[in-house]
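Please read the structure below before turning to the comments.
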Amino acid sequence: MKIPVLTRWLEERQLKANLSKFDEFMDFLVDGREGAAGVTVTEKTALHSTAVFACVRVLAETIASLPLPIYRRLDPRGKQRAPEHPLYRILHDQPNPYMTSFAFRETLMGHLGTWGNAYAEIDWTSGGQVKALWPLRPDRMKEIKYNKAGNLVYVYRLPDGTDKTFLAYQILHIPGMGFDGFMGYSPIRMARDAVGLSLATEEYGARFFKNGAKPGGVLEHPGKLKNFATLRKSWNEMHQGLHNQHRIAILEEGMKYTQIGIPPNDAQFLETRKFQKSEIASIYRVPPHMIADLERATFSNIEHQSIDFVVHTIRPWLVRWEQAIKQKLFMNLDGGDYFAEFLVDGLLRGDTQSRYAAYSVGRQWGWLSANDVLEMENRNPIGEQGDIYMVPMNMIPAEQVAIVPEIKEPPTEEDDRSGEPSLEQRNIRAAMNRARLAKRFEPAIRDAASRVVKREVRDLKRAVKNHLRERDSTDFLVYLEDYYKQAPEWIRKTITPVFSTLADMIQAEAAREVGVEAGMTEELKEFVREYTEAFAARHAGSSGGQIKALIRDARAQGLDAADLIDERLGEWEEKRPGKVAMNESVQESNAVARFVFVAAGITLLRWVALGSDSCPYCQEMNGRVVGVDRPFLGNSDTLESDDGRMRINRPTTHPPLHQGCVCAIVPE
């Protein structure tokens, strides 16, 4: 039988009325007594104080408006956004079908600002993923306890008056400061009298201006009163107390009223209201100017107060949120590599001059790129060239000084009669400048290569654990094939900034050698992009090939493939970034120089050995001249020396000849 619309409406209205009465009764039971100021103070009535409402609103809206993305930890010091994670949409966009992320966080932070605790029900899917988050009212959370099985449970009073018990994993609980580590103190109850005085002064002022009368003083009667006790009692009942203030008095039998009460201005009524606003702001640690108390604010200190607000007020709340989210929503299901973190950079922005000065320092010392700055200023990037990180080349780590090889000028013919260096000498010196420049850039390449290797090692170790140790090598090989198909893309993105920066510096040096205008042309940019892609493909191919070879060796020799791979990954972390930096600094610098020489119309190139202790193979190559359309060494060529024979397995158009080679090419 269908319920008529009117009947359903009346039932819902009656239910809401009953729930409202129930809420009022619960407020009374939950420590809703009068404070010293004579007013009842609860978490709800406290919000009638403009100062309390303003403070709670500032905290709630600030935290609700901050972006809350999910990150994936790349290494102990690196991270990247992970929009593909299932929780990203829930935390950043929409926690449930009916609320935005802003509304959800504003609600929970409002609960924290009044009740000192915030709760949300976690709706889990059967597959162990968070489906939605539903806020729960803190006034209905009856208790947190351990059940007979020793599990932590939350007992919640439902709207129909029944209790529902949640296990700990079903509740996102963000407690404020408390006494037992589970429940937070209610700021309203802790500061009941301060909040009560604020409410009392507001109500007193409202009644004063509403009624405009101020009975309070001495009653004078022309005769003798026999029932003065009764008169005094009735007068007090009519006019004593906050709720009876400002009533009109009717005097009979010739009685007179003499006012002896202190007017509000003499009682420092306004000063009391100001003090209460400041005192409540101190409870919530909110700067007074943020709740419209500008008495002590100046243009010079408001900015610093705002920064202090972020550091000392907002940050502790953010840590509570982040750690609760990490503990309850992630639960180490992703190996502990994912986490949520609020972005507060926008709140810490200073004035334009201060920001630009900070950006300048970051750009100069290499930890900010142009696109980083544009992103912080909420502007569009300028393309891949905006990702280049500039570094001052006159500074290198102290430990690098000892390993920079000594590059000396080889003996040349005497200078010409004018005393100027010969063309050969100028070419050699230019090549040495390029070599020194590339060597000084090695630490930057090593740092980028280290980030690549650390990511590889972390991902492969996880795959070894999940596939190789718990399943078999077939599953692992399938994973490996797919992983190294995708790897070149993120390797390229990681290495592009340093390769582009080195190319820019080398092209300027090479352009001066041949007397052409310096600059990264579109053709050279395309060459560097292709070079970087080729490096990424070589690196991924080498990594995948090494791991596959280890699995084959393990099968052939009856060894544990997982142990062999772990050992190789350890070697990668220790040695591989240094090898990449040593080889690529020489490889790329000569590749870019060759491109500039060919573009300038140079037809012949000469190989020069620059190291003070060049190996016999480099010495054999020293002085060899070829046309720009031919390699210095072809595939399957060999070099002979007293130490043995070196077989060349690829066409060599420029140095390096081997690991650690510091040779160069110059125009002939």
Hits in segment 50-77 - residues which are in contact with a Gly (Cβ under 9 Å, 6 or more places away or on another chain), surrounded by 17 or more Cβ atoms within 10 Å (Cβ to Cβ) and assigned to a loop (DSSP other than H, G, I, E, B): L66
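Have a look at Q94, Q80 and point out the one that is more than 26 Å from A191 (Cα to Cα) and part of a strand (DSSP E or B).
Unique residue meeting the criteria: Q80.
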Selection from segment 659-668 of residues that are assigned to a loop (DSSP other than H, G, I, E, B) and either open to solvent by less than 50 Å² (accessible area, probe 1.4 Å) or in contact with a strand residue (DSSP E or B) (Cβ under 7 Å, 6 or more places away or on another chain) (or both): G660, C661, V662, C663, E668
Given (1) modelled with pLDDT of 80 or more; (2) in a loop (DSSP other than H, G, I, E, B), number of the condition G38 does not satisfy: (1)
Qualifying position, being open to solvent by 40 Å² or more (accessible area, probe 1.4 Å), at pLDDT 70 or above and in contact with a strand residue (DSSP E or B) (Cβ under 8 Å, 6 or more places away or on another chain), among R440, R426, R451, R363: R451
Segment 629-658: number of residues that are open to solvent by 10 Å² or more (accessible area, probe 1.4 Å) and in contact (Cβ under 8 Å) with a residue 40 or more places away in the chain: 4
Test result for I144, of a type in the set (V, I, T) and within 30 Å of R451 (Cβ to Cβ): no
Residue identified as in contact with a Gly (Cβ under 6 Å, 6 or more places away or on another chain), of a type outside the set (G, A, S) and open to solvent by 10 Å² or more (accessible area, probe 1.4 Å) among P159, P175, P97: P175
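A quick yes/no check of all residues on (1) modelled with pLDDT under 90; (2) open to solvent by less than 10 Å² (accessible area, probe 1.4 Å); (3) farther than 30 Å from N466 by Cα:
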{"site": "A540", "(1), (2), (3)": "no, yes, no"}
{"site": "A554", "(1), (2), (3)": "yes, yes, no"}
{"site": "L559", "(1), (2), (3)": "yes, no, no"}
{"site": "D563", "(1), (2), (3)": "yes, no, no"}
{"site": "V580", "(1), (2), (3)": "no, no, no"}
{"site": "N583", "(1), (2), (3)": "no, no, yes"}
{"site": "A591", "(1), (2), (3)": "no, yes, yes"}
{"site": "F597", "(1), (2), (3)": "no, yes, yes"}
Verdict on K525 being open to solvent by 70 Å² or more (accessible area, probe 1.4 Å), under 35 Å from the mean Cα position of the chain (by Cα) and closer than 30 Å to I665 by Cβ: yes
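The values are calculated or read from the model by the stated rules, or taken from the named source; none is laboratory data. Since this is a predicted model, take the numbers as computed values, not measurements. Glycine gets a Cβ as well: all are built from the backbone with ideal geometry, and neighbour counts include every protein chain shown. Ligands, DNA and RNA are stripped out before the accessible areas are found, and what is left, the full protein with its side chains, is counted by its heavy atoms. Shrake-Rupley method; radii C 1.70, N 1.55, O 1.52, S 1.80 Å.
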